[in-house]
Structure formats: C-alpha cells, structure tokens
Amino acid sequence: MAVVAPLPVGEAVFRARGLTKTYRMGEVEVHALRGIDLDLFRGEFVVLLGPSGSGKSTLLNILGGLDAPTAGEVWYEGHHLTGASERELTLFRREHVGFVFQFYNLIPSLTARENVAIVTEIAEQPMTPEEALARVDLADRMDHFPAQLSGGQQQRVAIARAIAKRPAVLLCDEPTGALDSATGVRVLEALERVNAELGTTTVVITHNADIARMAHRVLYLGDGRIVREERPAQRTPAKELRW
C-alpha cells in the first residue's frame with residue numbers, strides 16, 4: 001500500500017548551479033550537462049530517470065566528487081566543492097559519501113565481512129561490519145565469499161560497504177540494473193531502510209520508471225538538462241514494486 005510521506009525540508013545538503021560538462025572526443029564536443037540547477041535535501045530519496053546519454057551518471061559523479069564540471073558550481077553543506085583540491089575531494093568522498101554501482105566491485109578473495117571491513121578501517125566513526133551487513137539482511141552470510149553469494153546478495157554487501165562509514169549521502173548508479181525484479185526489490189528494500197533509519201540522503205539513477213514510485217522526488221533528465229520534476233503524493237514501498 002502506498003504511504004504518504006512528505007518531502008524532507010530544511011537546508012540543502014547539495015546545491016548545484018549552472019552545471020555544464022563537455023567532453024572532447026577528437027574533433028567532436030559532447031555536451032553531457034547543459035546548465036543544471038539542483039538542490040538535494042537531507043533525508044530525501046531522489047530518483048534520476050532518463051535515457052542513456054541524458055547526463056545522469058555525469059551529474060552523480062560531479063556531486064560525488066569523482067568528476068569536475070566544465071562550468072558551474074557545487075556546494076556540499078555550504079562547502080564549495082568546485083574549486084576543492086584533490087586531497088579535499090578525497091576527504092569529502094571518504095567522510096561523507098557512499099557509492100553503489102551496477103557492478104559490485106567486491107574483492108573475490110575476501111569474505112563479505114572483510115569486504116566491508118576495508119571501509120570501516122579508514123572511517124572515523126564507522127559501524128562494525130556486522131552491523132552494516134545486518135542492516136541489509138545478511139547477518140547469516142558474513143563469512144561467505146562473493147562467489148558463494150547471489151548477485152542480489154553481492155549488491156547488498158556493496159550497500160553495506162557503502163553505509164558502514166555512516167555517510168550523509170548515498171549515490172547509487174543503476175544498483176538494480178544487473179538484477180531480476182525479485183532480487184532488485186530486495187536491494188531497493190535495503191536502500192529504503194537505510195534512507196528511513198539513518199536519514200541518509202539517497203540518490204538513485206535508474207532506467208526503470210517503476211522505481212520512481214518509491215521516491216520523495218523524481219527528476220527526469222534529457223539531453224543534459226532536468227526536463228521535469230515530480231513529487232509523488234504517495235510513496236510505494238519497495239516490496240510492492242514489480243517490473
């Protein structure tokens with residue numbers, strides 16, 4: 001059953017103004033972003049929808065400090081990211097941002113617990129690996145290696161690794177893209193729980209319009225621009241999604 005959930009309000013965690021990104025490929029210029037203005041608020045669950053090449057991943061990478069815009073500015077909690085040094089961006093990513101990608105990037109020779117511990121060993125106030133894995137319903141699979149886990153379980157280990165350092169922001173690029181519907185729903189339930197219980201600002205890129213039903217806010221991208229924004233009156237729990 002859909003639930004009414006008002007959009008979180010308050011100071012923006014991210015503020016982006018006039019973001020453009022141009023790549024040069026030989027003699028050709030590719031305009032990935034064309035003047036994006038965006039605010040993201042604490043505790044929001046935001047879905048970015050759009051076709052391939054619309055600029056979704058480029059925008060996410062700039063917000064996460066993995067890439068820099070050609071023009072425009074980004075602030076994170078009032079701190080200017082656009083002119084930050086590489087060292088400052090590394091600290092920003094380490095202390096504030098968790099990343100989840102379509103491919104799990106787990107180390108095959110390490111157990112689930114050990115894959116998460118890699119992050120907890122460098123974070124300031126981390127969860128224990130056991131707590132992080134329990135939050136994604138993998139308490140009984142901690143000592144299994146990636147090859148002993150299903151694709152959905154491996155993605156949930158990746159989520160546990162991302163949240164173990166207690167990031168304020170979780171940026172997810174096609175986290176269900178390699179999964180079937182039932183398995184993808186389990187992954188989305190884990191993201192939903194983290195957003196609700198920890199108040200983590202969560203941004204999810206997807207091609208799957210059905211996933212938008214669980215968002216506080218949906219941003220539609222096309223040709224490097226935000227072409228439409230929707231704020232659903234009701235949110236659908238992840239467990240009720242099917243595609």
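Overview of results
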quantity: Yes/no for Glu77 being free of Cβ contacts under 8 Å to residues at least 60 places away in the same chain and over 19 Å from Thr176 (Cα atoms); calculated: no
quantity: All strands (runs of 3 or more DSSP E) inside the stretch 13-104 with 3 or more residues being of a type in the set (D, E, K, R); calculated: 28-41
quantity: Restricting the stretch 81-102 to residues that are of a type in the set (A, V, I, L, M) and more than 16 Å from Arg166 (Cα to Cα), the residue that is surrounded by the most Cβ atoms within 10 Å (Cβ to Cβ); calculated: Leu81
quantity: Subset of the stretch 45-80 [surrounded by fewer than 21 Cβ atoms within 10 Å (Cβ to Cβ) and either modelled with pLDDT under 95 or touching a helix residue (DSSP H, G or I) at 6+ places or on another chain (Cβ under 9 Å) (or both)]; calculated: Pro51, Ser52, Gly53, Leu66, Asp67, Ala68, Gly72, Glu77, Gly78, His79, His80
quantity: Subset of the stretch 39-95 [charged (D, E, K, R) and under 14 Å from the mean Cα position of the chain (by Cα)]; calculated: Arg42, Glu44, Lys56, Arg93
quantity: Of all residues making up the stretch 63-103, the number that are more than 20 Å from Gly43 (Cβ to Cβ) and β-branched (Val, Ile, Thr); calculated: 3
quantity: Lone unmet requirement of (1) farther than 24 Å from Val119 by Cα; (2) touching a helix residue (DSSP H, G or I) at 6+ places or on another chain (Cβ under 8 Å) for His216; calculated: (2)
quantity: Check on His31, in contact (Cβ under 8 Å) with a residue 24 or more places away in the chain and within 30 Å of Gln234 (Cα to Cα); calculated: no
quantity: In the stretch 106-123, the residues that are in contact with a helix residue (DSSP H, G or I) (Cβ under 7 Å, 6 or more places away or on another chain), modelled with pLDDT under 95 and part of a loop (DSSP other than H, G, I, E, B); calculated: Ile122
quantity: Helices (runs of 4 or more DSSP H) contained in the stretch 127-236 and holding at least 3 residues surrounded by fewer than 21 Cβ atoms within 10 Å (Cβ to Cβ) and either touching a residue at least 40 places away in the same chain (Cβ under 8 Å) or more than 17 Å from the chain's Cα centre (by Cα) (or both); calculated: 129-135, 181-198
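The values are calculated or read from the model by the stated rules, or taken from the named source; none is laboratory data. Keep in mind it's a predicted model, so treat the numbers as computed, not measured. As a convention, Cβ positions derive from the backbone with ideal geometry for all residues, glycine included, and neighbour counts pool all protein chains shown.
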